[in-house]
Amino acid sequence: MATEYGQGYAHRSERHHRLPAALRAPVEARSWREFGYVLLGLPIAIVLFTWTVTTVSLGAGLLVTFLGIPVLAAALAGCRGFGVLERARARGLLGVEVADPEPLRVAKPGALAWMGAMLKSGASWRHALYTLVQFPWAVFSFSVAVSFWTCGWALLTYPLWFWVFPAYAGEGGIQLYGDAHHSVYLDNPFEITVTALIGLVFTLATPWLVRALTTVDGLLVRGLLGPSRLSARVVELESDRGAVVDTAAADLRRIERDLHDGAQARLVALAMDLGLAKEKLREDPRAAARMVEEAHGEVKTALQELRDLARGIHPAVLTDRGLDAALSAVASRCTVPVRVEVDLPARPTPAIEGIAYFTVSELLQNVSKHSGARTASVDVWRSEDRLMLQVSDDGVGGADVSRGSGLAGLAARLDAVDGVLVVDSPAGGPTRVIAELPWRG
Amino acid sequence: MPWGDREIVEDRVRVVIAEDSVLLREGLTRLLTDRGHEVVAGVGDADALVKTIAELADQGELPDVVVADVRMPPTHTDEGVRAAVLLRRQHPGLGVLVLSQYVEERYATELLAGSSRGVGYLLKDRVADVREFVDAVVRVAEGGTALDPEVVAQLLGRSRKQDVLTGLTPREREVLGLMAEGRTNSAIARQLVVSDGAVEKHVSNIFLKLGLAPSDGDHRRVLAVLTYLNS
């Protein structure tokens, strides 16, 4: 039951133990931490509950005047502050890792904006709810845990202290039952042994009971003090958006550089050649002809470079005929023979098609540059709601996402559309890269 | 990169040009008339091209060849290819040379579907080599084939017959590529600076290795090679 929250400790208990887990539990450090959590829970809950009930009702009562709003905001701010402590307590004693909730989004500076943001934030109210819900639960779990624990140990150790009854109370032992006519005392060795055994059962059961109780605490902390699922998704999307913006900016820089170093430089050389040729035309027609010849060569190379550049931005055939057709040209530019198999029932949306195209394009460039392969193959197919791409080669292997920015950049791009990149490339090869994209048709 | 047959350059052909960029249309017209050919009409989009050809055919003045750009109004995608395929079906004797900013194996396959007679598919850049471009226009006008080396490279790369293709010597692969571009033996010999006899030997070796029946006509030979690569 507690395994989900106990993962932080799992590795510690991997050591070999002579005692079975059931007998070990009462004296385990983990059990003590959990018990400590429950013990601390009650006083903390009282403080938190009192705080929230007092301040929120005060704030609500004052809402008719303007004063209510700052009081309520302060109440919620306090709850958020307590949340930090509670998360730390859960982390330290239960091993429950809960991320901080979404931070306050204050649109503009100023106390008024801050108060508005505090009151509008769902996380603040969830924190307040936590202080209210956790109080009855803390009372309940404190009572149960403390009762079980004390009863258990008291009964278990009964053989050691039953003598206090005859010595000081004038009775044989614990009075199990008594009325005017007769009483039952736990005083003979059999009864004492049974009492101790019952105590043993309680003692052994208590850690598991406490674990069950703290599991609920873990759920409370996780559910009410952590980031909401929506906000977690927002954080993920924000980072994805960052990646997209970064790659877009990097692409623009690359295009600018390519234009500057390539076509633009060639056109300057061309203008120069033609200018010289114009001057030489009269006096040295032969030299002029040679320069025109050179200029002709320059302009053809410039055309080639511009074509490659434009194609790198977006291949027209991808829009017109889809992936299968567009990948032909990509495959033909690879330095090794490439087998291309595209098996799609329909065309995905242009965005997904574009990312798939550039993924294959980049992976084949890697094959050309680094793999030392003799052949390569590209497979594209659809698997339920995913578009699958596989590029494999029989080269030297050793490709790694963590090394080499190419694959890492590709992984980031795929990540931005909820895609996945898996690289299987043992040293010595072969290499297999699988990319998975969401299917949007 | 020469890919023309010098022998037929003197023939005067009648051309219709479809190209939406006025600059390029004028340039092509100047280039062709300068070489003694006749530009019958110049149009700016695919619909106008099909209409013009229909009118000319009605008057019994079907041109020898159409030179068409792939991307034209209204959608700027593949109008040129579709018009070319349509015209080839309507007028089997009409040569069609498609020019494009990029060449794509897929468009080539669509253009060549059925027959490689009088088909050309070239990168626009090739107009820079005036003589070879005009040679290609003439070749297509006379029922020959002119495929861009880049298209051929894609066809070779995409072919499922890689195991057989790797069995060819580098020289034979070169000859196969030039054949697929639509060149005659003598043009291949000139390009590779070898004798005609040497080329013939390579060609027969290639046909043997690919398991194709030897074929005399140049355009039928191109078709055989392309069909083989695409199958």
Check: What's the local net charge at A:R241, with K and R +1, D and E -1, over the other residues with C-beta under 14 Å away?
Finding: -4
Check: Other chains near B:124-135: what is the mean number of their Cβ atoms within 10 Å of each residue's Cβ?
Finding: 2
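Tell me the net charge near A:L132. Cut-off is 15 Å between Cβ atoms, A:L132 excluded, with +1 for each Lys or Arg and -1 for each Asp or Glu.
Numbers: positive: A:R80, A:R126; negative: A:E86, A:D217.
Result for the local shell: 0.
Need one number: buried accessible surface between chains A and B, 1.4 Å probe, both sides summed, DNA, RNA and ligands left out, in Å² to 100.
Buried area (both sides, nearest 100 Å²): 2000 Å².
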Check: How about segment A:254-302: which GluC sites (Glu not before Pro) there lie in a loop by DSSP and see at most 13 other Cβ atoms within 10 Å?
Finding: A:E283
Margin query: Using the crude model of +1 on Lys and Arg Cβ and -1 on Asp and Glu Cβ, and no other charge, please compute the dipole size for segment A:230-313 relative to its Cα centre, in debye to 20.
Written below: 260
Next item on the list: Would you please name the chymotrypsin sites (Phe, Trp or Tyr not before Pro) within segment A:141-213 that are DSSP coil residues with at most 12 other C-beta atoms within 10 Å of their C-beta?
Entry: A:W163
Next item on the list: Amide H neighbours of B:A18 under 5 Å, at least 5 residues apart or on other chains, H built in the peptide plane: list them.
Entry: B:V43, B:V67, B:A68, B:D69
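What whole-number value in Å² describes the accessible area per residue of chain B for a 1.4 Å probe?
Details: 9590 Å² over 231 residues.
The answer is 42 Å² per residue.
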Check: Which whole-Hz ³J(HN,Hα) couplings does segment A:373-382 yield from phi under the Karplus relation 6.51 cos²θ - 1.76 cosθ + 1.60, θ = phi - 60°, glycine and proline marked x?
Finding: 6, 9, 9, 9, 9, 10, 10, 10, 8, 10
Next item on the list: Kindly work out what percent of the DSSP beta bridges joining two residues of the protein assembly as shown are antiparallel, to the nearest 5.
Entry: 45
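Taking the Cα centre of the protein assembly as shown as the origin, how large is its charge dipole in debye, to the nearest 20, when only Lys and Arg (+1) and Asp and Glu (-1) carry charge on their Cβ atoms? Could you put the intermediate results ahead of the total?
Numbers: 71 positive and 82 negative charges, 308 e Å.
For this selection, approximately 1480 debye.
Computed over the Cα atoms, what is the radius of gyration of segment A:7-227 divided by 2.2 N^0.38 Å, N being its residue count? Kindly include the intermediate steps, with their values, before the conclusion.
On the way: Rg = 24.2 Å, N = 221, 2.2 N^0.38 = 17.1 Å.
For segment A:7-227, the normalised Cα radius of gyration is 1.41.
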Margin query: Helix-only mean residue ellipticity at 222 nm, the protein assembly as shown, DSSP H runs n ≥ 4 weighted -39,500 (n - 2.57), per residue, nearest 500. What is it?
Written below: -18500 deg cm²/dmol
Item checked: Within chain A, longest stretch clear of exposed trypsin sites (Lys or Arg not before Pro) (DSSP loop, no more than 11 other Cβ within 10 Å) -> A:106-281
Notebook entry, point to check: In Å and whole numbers, how far do the C-alpha atoms of segment A:374-432 stretch along each principal axis, longest first?
Noted result: 33, 24, 14
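Can you count the Lys pairs in chain B whose Cα atoms are under 29 Å apart, with each pair 8 or more apart or on different chains?
4
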Next item on the list: Treat each spin label as a single point 7 Å out from the Cα along the C-beta direction, and report the A:L176 to B:R171 distance in nm.
Entry: 11.0
Next item on the list: In whole Å, largest first, what are the principal axis extents of the Cα atoms in segment A:214-294?
Entry: 98, 14, 10
Check: Helix B:218-230: angle to the longest alpha-carbon principal axis of chain B, degrees 0 to 90, nearest 10?
Finding: 70
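Once the convex hull of the alpha carbons of segment B:88-192 is built, what does its volume come to per residue, in cubic angstrom? All intermediate terms of the calculation are to be shown ahead of the outcome.
Values: hull volume 10.8 nm³, N = 105.
Dividing the Cα hull volume of segment B:88-192 by its residue count gives 103 Å³.
Averaged per residue, what accessible area in Å² does segment A:230-313 show with a 1.4 Å probe, protein chains only? Write out the running numbers ahead of the final one.
Working: 5830 Å² over 84 residues.
Ligands and nucleic acids excluded, the figure is 69 Å² per residue.
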Next item on the list: State the volume of the convex hull built on the alpha-carbon positions of segment B:93-149, expressed per residue in Å³ and rounded to an integer.
Entry: 63
Check: Counting Lys and Arg as +1 and Asp and Glu as -1, what is the net charge of the other residues whose Cβ lies under 13 Å from the Cβ of A:I174?
Finding: -3
Check: Once you average over the residues of A:330-337, how many Cβ atoms of partner chains fall within 10 Å of each Cβ?
Finding: 4
Margin query: With a 10 Å cut-off between alpha carbons and a GNM built on chain B, which of B:A108, B:A57, B:A83 moves the most?
Written below: B:A57
Check: In a GNM of chain A with a 10 Å cut-off on Cα contacts, which of A:Q304, A:Q365, A:Q390 has the highest mean-square fluctuation?
Finding: A:Q304
Next item on the list: Relative to the longest principal axis of the C-alpha atoms of chain A, give the angle of the C-alpha long axis of helix A:229-259, reported between 0 and 90° and rounded to the nearest 10°.
Entry: 20
Checklist line | Equivalent ellipsoid dimensions for segment A:147-257 as semi-axes, Å, which come from the Cα gyration tensor, largest first | finding: 69, 13, 9
Next item on the list: Please express the Cα-Cα pair-distance distribution P(r) of segment A:320-438 as a list of whole percents, one per 10 Å bin, running from 0 to the bin with the greatest distance.
Entry: 14, 50, 32, 4
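What per residue convex hull volume, in Å³, do the alpha-carbon atoms of chain A yield? Don't skip to the answer; put the middle values down first.
Details: hull volume 122.4 nm³, N = 441.
Spread over its residues, the Cα hull of chain A gives 277 Å³ apiece.
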Margin query: For a quick check, take a GNM of chain B with Cα springs below 10 Å and name the residue from B:L111, B:L178, B:L31 with the largest mean-square fluctuation.
Written below: B:L31
Item checked: Cleavage-rule hits, trypsin sites (Lys or Arg not before Pro), segment B:159-231, DSSP coil, Cβ neighbours within 10 Å at most 16 -> B:R160, B:K161
Next item on the list: List the residues of segment A:291-306 whose accessible area drops by at least 30 Å² when all protein chains are present, compared with their chain alone, using a 1.4 Å probe and counting only protein heavy atoms.
Entry: A:H296, A:K300, A:L303
Check: Per the Kirkwood treatment, what hydrodynamic radius in Å, one decimal, follows for chain B from the mean inverse distance over all distinct Cα pairs?
Finding: 17.8
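Determine by what factor the alpha-carbon radius of gyration of segment A:93-209 differs from 2.2 N^0.38 Å, reporting the quotient. Could you put the intermediate results ahead of the total?
Details: Rg = 26.2 Å, N = 117, 2.2 N^0.38 = 13.4 Å.
Normalised Rg, Cα atoms only: 1.95.
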Margin query: How many angstrom lie between the Cα centre of segment A:44-68 and the Cα centre of segment A:110-184?
Written below: 27
Check: Given A:V330, B:L24, B:G93, which one lies farthest toward the positive end of the charge dipole of the protein assembly as shown, if we put +1 on the Cβ of every Lys and Arg and -1 on the Cβ of every Asp and Glu?
Finding: A:V330
Check: Cα axis of helix A:285-313 to longest principal axis of chain A: angle in degrees, 0 to 90, nearest 10?
Finding: 20
Checklist line | Under-5 Å amide H pairs with B:G120, H placed in peptide plane, nonlocal only | finding: B:V96, B:L97, B:V98, B:A146
Notebook entry, point to check: So what is the orientation-averaged projected area of segment B:152-230, using the convex hull of its C-alpha atoms, in nm²?
Noted result: 4.4
Check: Using a probe of 1.4 angstrom, how much of the accessible area of the protein assembly as shown is carbon and sulfur, in percent?
Finding: 61
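On average, how many beta carbons from a partner chain sit within 10 Å of the beta carbon of a residue in B:98-108? Don't skip to the end; give the middle numbers.
On the way: counts 0, 0, 2, 6, 8, 3, 10, 8, 10, 4, 1.
Going residue by residue through B:98-108 and averaging, the value is 5.
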Check: Any idea which of A:Y177, B:T52, A:A243 is furthest toward the positive side of the dipole for the protein assembly as shown, if Lys and Arg beta-carbons carry +1 and Asp and Glu beta-carbons -1?
Finding: A:Y177
Checklist line | Table column - 3J(HN,Hα) (Hz), segment A:419-430, Karplus curve with 6.51, -1.76, 1.60, x for Gly and Pro | finding: x, 9, 10, 10, 10, 10, 8, x, 4, x, x, x
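The values are calculated or read from the model by the stated rules, or taken from the named source; none is laboratory data. Note that the structure is predicted; figures quoted are calculated from it, not measured. All Cβ positions, glycine included, derive from the backbone under ideal geometry; neighbour counts span all protein chains shown. Just the protein is used for accessible areas: all its heavy atoms, side chains included, with ligands, DNA and RNA removed. Shrake-Rupley method; radii C 1.70, N 1.55, O 1.52, S 1.80 Å.
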